[in-house]
Each structure stands twice: as structure tokens, then as C-alpha cells.
Amino acid sequence: MAKQVVQSELPDLSAIDSAISLGQLIRAKRTELKMKLVDCAALCGIGVNTLSRIEKGNCNCTLGATFSVLKGLGIKLNPTGISTTDTNTQKNNATPWV
């Protein structure tokens with residue numbers, strides 16, 4: 001039997017102030033979608049190792065790769081909050097951050 005994806009806890013979104021908190025946000029969204037690392041990497045057009053490093057908060061990942069993941073998962077960063085699109089219900093949820 002295949003391993004199931006376990007949903008990660010959503011980080012405190014009052015501020016995305018580090019690569020670690022951004023990585024936690026990305027992992028939480030990916031696991032919320034029940035998406036495996038390899039499937040998400042393929043969807044976003046990056047390598048599995050790169051996605052793993054982004055989720056772990058590695059500061060040496062490129063912005064291009066990080067934004068590919070954000071776009072692939074439907075996460076939009078804006079000055080007034082973080083928007084995620086739920087692909088099942090097509091609702092936008094915004095969480096304010098500074």
C-alpha cells in the first residue's frame with residue numbers, strides 16, 4: 001500500500017519573515033492538497049531535491065524556483081496578505097501579514 005500524505009500544520013502567518021516560514025507555508029499547502037513531493041515538483045517544473053530544500057527553508061534556493069512552487073500551488077503573496085486558491089471549491093482565502 002502506498003504511503004499517504006499527512007497534512008502539515010499551517011505556520012503562523014502574521015509574517016513570512018524567513019525562508020523557513022515560507023517553506024512551512026509551501027509544505028502545508030502541498031500536504032493540504034494531499035500531493036506527494038515528487039508530484040508537486042513535476043507540476044511546478046522543478047526537481048524533487050529543490051522542492052525539498054525550499055520546504056526546509058534553505059536560503060540558497062533561487063527565487064525563480066520558489067515562485068514556480070508558489071504559482072503551482074496557487075499561493076499568491078501580496079502586501080495585504082497571502083491568498084491561496086482551493087482547487088476543489090475555487091474559493092480564495094486571504095490571511096493578512098505584515
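Summary table below
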| quantity | calculated |
| --- | --- |
| Failed condition for residue 91, given (1) at pLDDT 95 or above; (2) charged (D, E, K, R); (3) touching a strand residue (DSSP E or B) at 6+ places or on another chain (Cβ under 8 Å) | (1) |
| Set 21, 14, 83: member being part of a strand (DSSP E or B), at pLDDT below 95 and not aromatic (Phe, Trp, Tyr) | 83 |
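The values are calculated or read from the model by the stated rules, or taken from the named source; none is laboratory data. This structure is a prediction, so every number in the text was calculated from the model and none was measured. Glycine also receives a Cβ, built like all others from the backbone with ideal geometry; neighbour counts cover every protein chain displayed.
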